[in-house]
Structure formats: structure tokens, C-alpha cells
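Right, one structure below, let's go through it.
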Amino acid sequence: MTTEPDSWTLVAGGAGFIGSHLCRTLLERGERVLCLDNLQTSRVSNLDILERYPAFRFVKGDISHPLPVEVMRQTRSIRRIYNLACAASPNLYQADPEHTMLTNVVGTDRLLRLAEQSGARFLLTSTSEVYGDPDIHPQPEHYRGNVSCTGPRACYDEGKRAAETLAFDFARMGRADVRVARIFNTYGPQMRIDDGRVVSNFIGQILEGEPLTIYGDGSQTRSFCYVEDTVDALIRLMEADLPEVTPINIGNQHELTIAELVEALGDIVGEEVEVVHRALPTDDPTRRRPDISRARAMLAWEPTTPLVAGLRKTFAWFASEHGARSHARPAPRVHAEPARSRI
Ligand code: UDP
């Protein structure tokens, strides 16, 4: 984007995990960033890092409600809108399912209308959850998914599917220039330790000296992408000249079982970790891995952070943020040697 002096990039959900990394990268690129966040699931301390940049502004607001006047006042100067506003961890998005659904549907509609009024380009962060418990593996974008519309994950899965529908309708009707990213499991620094996702849970449990809670038998798979790779893809997608509007999978193709993730973390901390098994949540997908051919072809992008390297950085960050607060044993030492594997 050519950065005009008075133009804004609006990041809804900019105080959250991926959003705060995105805001920082945009600021480093010289963009002026207006962050809109309701602080429902974000870490408020993520804002401390961002507020050091003079080109950063924070507005507290919920996209499922009318957009705050501080945002609407800037309508004519907004050039880019990234929508990352939604609780994304199963236990947090299920805590208030109606709000999750409305955030995705009503909130996305409000931001699309803002894009229409301002002429800004709009990027929706959708999710691998639109594929549900997939029958096709790995998941390409043309796969229509296997989603329950009545289960506990539906507020998020179906909410994101409806948000995609709105985005594509705005595009088809020429009302907005839209991009849709389907983000697969992402991890890294600045996650909330209590957000309930597997990487943050396991690292938090290691730091507290507690057994790692494997849901089910640990044979379900996921493919984890380091957050800086995800952010790189989002910016490429926003800035690319695309021949057509199409969803694009953003994720890492390195697939592993949850039991293998436990082993990888055990290797990193250099000790056996204890595990305890808990019930598998309802509708928990049995496997997930992105087909990223489209991202490779259209964005010249693929992840560059190998899992072990990303986990080491994430562990080190959690240890320095939370280790001091741990009442249990001291944080295990993270082995310093560089990772040898790639992705
Ligand atoms: N999981 C687990 N232990 C935990 C948290 C999650 O075994 O403490 C499992 C969960 O059942 C799922 C996978 O790890 O199969 C990824 O869960 P997460 O909540 O991180 O994201 P999801 O991909 O399910 O949205």
C-alpha cells in the first residue's frame, strides 16, 4: 500500500493474539494503525507494546454494536480493514455463543459497510473451522466442509461461514474489495496463557509443574503455524493484486498428533512430561492440515518457521512472562541449540 500521510489501517481485534502481531508489523511497515477491540479475550498488555508507536491509536469497541464514533470519524481516511475480531479459542468462543455468532455476522457486516463507505480494502480472517471435521485431507479451499450447525462449535464455525458469505456477496455486488484468509491453528508469543488452546495450555502446565491434559487419546492431529508466518501471509493477501476473489488457506503443513506435540515439548524442556487424559470435547475435529497450494501460487508464501524453533520461542516467551509468577518449580531450561528440522 502506498502510505498516504493521513490514511489509516483499521485492525478490528488488534489487541488479540494474531491481531497484536499484525498491528506491530503494519506499524513497522510505516502504516498508521487504528486498533478497534472490545478487550473481551485480548491481553491488555499487548497494547503496551503497540502504544510505544506514535502511529498507533486504540479505540475500545465491540463490532457487534454500532461502530464507535472515533472510528466512523475516520471513514474517509481508512484504506485497509483487517477483521480479526472474534474470540477464537473453543472454550472462550463457547462461553457466550450468541455473542460469537453476532460478532461474526453483525460485526463483519458493519465492517463491510464501512469498507463500502470508505472504499477501503477488506480482509476477513476466517478459519479452518469452516471445514469442520473434514472428510478430505489435507483440506483444499474448494472443500465445502463437514460442519455441525447445532453443536457447541457451531457459533464459531457457522458464524465464520456466514461472515464469508457476506464478504463474497459484497464482492460479487461490487460493494467492496475483499480478501478471505482461512487461518489454521496458530501459536506464538502473546497468546493468553489461560485461553484454553493446546499450545498455551501445555506450556502453562509445564511451567506450573502440572501434568499435560491430553483430550481423548491424543491421536487427533493439528498443523501449527508460527504467528509471524501467519501475519506475513495476511499482509501479502491484503496487498496482492488478485485475479479473483477466493478464500486462501493460511497454515503450516507440518501435521502432528497431540501426543507428538507433547513429545516435542518434552524434548524442548529436556525432561519427561507427565500427561493426564481428559474427555475429548464434542465435535473436536479428528485431523486437520491445510493444502496451501493456493497461497504458494497466489501469494508466493509458505511458512518458514519450523515447529521446534517456533515452540522454543513461544516457550521462552511464556517462561519470561509467566515463569516468575509460577508458584511451582522453576521453569525448565529451554535448550539453546538451533532447531535442525524445517517445518
Ligand atoms: N487439546 C488437548 N489438550 C488441551 C487443549 C486442547 O488435547 O489442553 C486438543 C483439542 O482437543 C484439539 C487440539 O488439542 O484436538 C487443538 O485444540 P485447540 O483448542 O488448540 O484448537 P482447535 O483446533 O480444537 O480449535
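The values are calculated or read from the model by the stated rules, or taken from the named source; none is laboratory data. None of the values given here were measured: they were computed from a predicted structure. Methodologically, a virtual Cβ is constructed for each residue, glycine included, from the backbone with ideal geometry; neighbour enumeration extends over all protein chains shown.
Within segment 256-285, no residue satisfies the criterion of being within 12 Å of the ligand (Cβ to nearest atom), assigned to a helix (DSSP H, G or I) and over 24 Å from the mean Cα position of the chain (by Cα).
Before we move on, is Asn252 within 27 Å of Pro152 (Cβ to Cβ) and more than 11 Å from the ligand (Cβ to nearest atom)? When the stated conditions are applied, Asn252 passes them. Of everything listed in (1) buried (at least 18 other Cβ atoms within 10 Å of the Cβ); (2) of a type in the set (Ser, Thr, Tyr); (3) assigned to a loop (DSSP other than H, G, I, E, B), the single unmet condition for Ser219 is (1). Of all residues in segment 205-216, exactly one satisfies the criterion of being in a helix (DSSP H, G or I) and near the ligand (Cβ under 9 Å from one of its atoms), namely Gln205.
Does Ala162 qualify as being touching a residue at least 40 places away in the same chain (Cβ under 8 Å) and either crowded, with 23+ Cβ neighbours inside 10 Å or in contact with a strand residue (DSSP E or B) (Cβ under 8 Å, 6 or more places away or on another chain) (or both)? Before you say what the answer is, go through the steps one by one.
On the way: touching a residue at least 40 places away in the same chain (Cβ under 8 Å): yes; either crowded, with 23+ Cβ neighbours inside 10 Å or in contact with a strand residue (DSSP E or B) (Cβ under 8 Å, 6 or more places away or on another chain) (or both): no.
Against the criterion (touching a residue at least 40 places away in the same chain (Cβ under 8 Å) and either crowded, with 23+ Cβ neighbours inside 10 Å or in contact with a strand residue (DSSP E or B) (Cβ under 8 Å, 6 or more places away or on another chain) (or both)), Ala162 does not qualify.
Total residues in segment 286-304 satisfying the condition of being among the β-branched types (Val, Ile, Thr) and either over 23 Å from Gly196 (Cα atoms) or more than 10 Å from the ligand (Cβ to nearest atom) (or both): the figure is 2. Here segment 172-195 is the region considered, the condition is being surrounded by 19 or more Cβ atoms within 10 Å (Cβ to Cβ) and among the small types (Gly, Ala, Ser), and the residue that is farthest from the ligand (Cβ to nearest atom) is Ala176. Show the residue pairs that are 6+ apart or on different chains and have beta-carbon atoms under 7 Å apart, the first residue being within segment 136-154 and among the charged types (D, E, K, R), the second being surrounded by 14 or more Cβ atoms within 10 Å (Cβ to Cβ) and assigned to a helix (DSSP H, G or I). Within 7 Å, the pairs are Glu141/Arg294; Arg153/Pro90; Arg153/Glu129. Just a yes or no: is a residue in segment 196-210 out of contact with any helix residue (DSSP H, G or I) (no Cβ under 7 Å at 6 or more places or on another chain), farther than 18 Å from Gly266 by Cβ and touching a residue at least 60 places away in the same chain (Cβ under 8 Å)? Looking for residues that are out of contact with any helix residue (DSSP H, G or I) (no Cβ under 7 Å at 6 or more places or on another chain), farther than 18 Å from Gly266 by Cβ and touching a residue at least 60 places away in the same chain (Cβ under 8 Å), one finds at least one in segment 196-210, hence yes. Got at least one residue in segment 90-107 being touching a strand residue (DSSP E or B) at 6+ places or on another chain (Cβ under 9 Å), away from the ligand (no atom under 16 Å from the Cβ), among the hydroxyl-bearing types (Ser, Thr, Tyr) and at pLDDT 95 or above? No: zero hits.
Restricting attention to segment 108-140, which residues are among the hydrophobic types (A, V, I, L, M, F, W, C) and within 16 Å of the ligand (Cβ to nearest atom)?
First, the residues of segment 108-140 that are among the hydrophobic types (A, V, I, L, M, F, W, C): 111-112, 114-115, 120, 122-124, 130, 136.
The answer is Val130, and nothing else.
When the criteria are applied in full, Ser219 fails the requirement of being over 17 Å from Ala319 (Cα atoms), in contact with a Leu (Cβ under 9 Å, 6 or more places away or on another chain), within 16 Å of the ligand (Cβ to nearest atom) and among the small types (Gly, Ala, Ser).
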